[in-house]
C-alpha cells in the first residue's frame, strides 16, 4: 500500500558524457523509495528509464554540452516519466514490430519492453529538442488490479 500522495516530480539533468545512465538509475531509486513503490514496479520503471536514457547516450548523438532532462512524478495509479534531449530525432512509437534491428545490440528488445510496459503519451520535437512523455501503470494491491 502506498501512503504517499501524488506530488512534485523528482527531476535531474543528466550529462550524457558522464554517467547519465547511472545518474538516471540513482534518481529512479530515490523516487521509488520516497514513493513506496513495490519491488516489481520499481524494477519495471528502472528498466524503462535505463533503456531510454542509454539509447539517447549511445545513439542520440547529443551535441557537446547537451544534457538529458529526466522527470518522474507519482500519479494516482501510475508514474509519469518525461525525458528531454537535444539528440537526433527518435520517436520510439515508430519502431515496427518486424523491424530488422542489429542482434549484436539487443535487436530492439529494450525498446520493445518500453513499449510493452508503458503508455507513450506524446513525443514531439521542439526547437531541436526531443520531448518524450509516458506513463507506467502501477500494480494496485488494494483492488488486486494488474497494470495493462
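The values are calculated or read from the model by the stated rules, or taken from the named source; none is laboratory data. The structure displayed is predicted, hence computed values, not measured ones. Backbone-built Cβ (ideal geometry, glycine too); neighbour counts: all protein chains shown.
Some observations on this one:
- Unmet requirement for residue 33, which otherwise passes all of (1) in contact (Cβ under 8 Å) with a residue 12 or more places away in the chain; (2) surrounded by fewer than 21 Cβ atoms within 10 Å (Cβ to Cβ): (1)
- Of the criteria (1) part of a loop (DSSP other than H, G, I, E, B); (2) modelled with pLDDT of 90 or more; (3) touching a helix residue (DSSP H, G or I) at 6+ places or on another chain (Cβ under 8 Å), which one residue 90 fails: (2)
- Residue check for residue 53: part of a helix (DSSP H, G or I) and in contact with a strand residue (DSSP E or B) (Cβ under 7 Å, 6 or more places away or on another chain): yes
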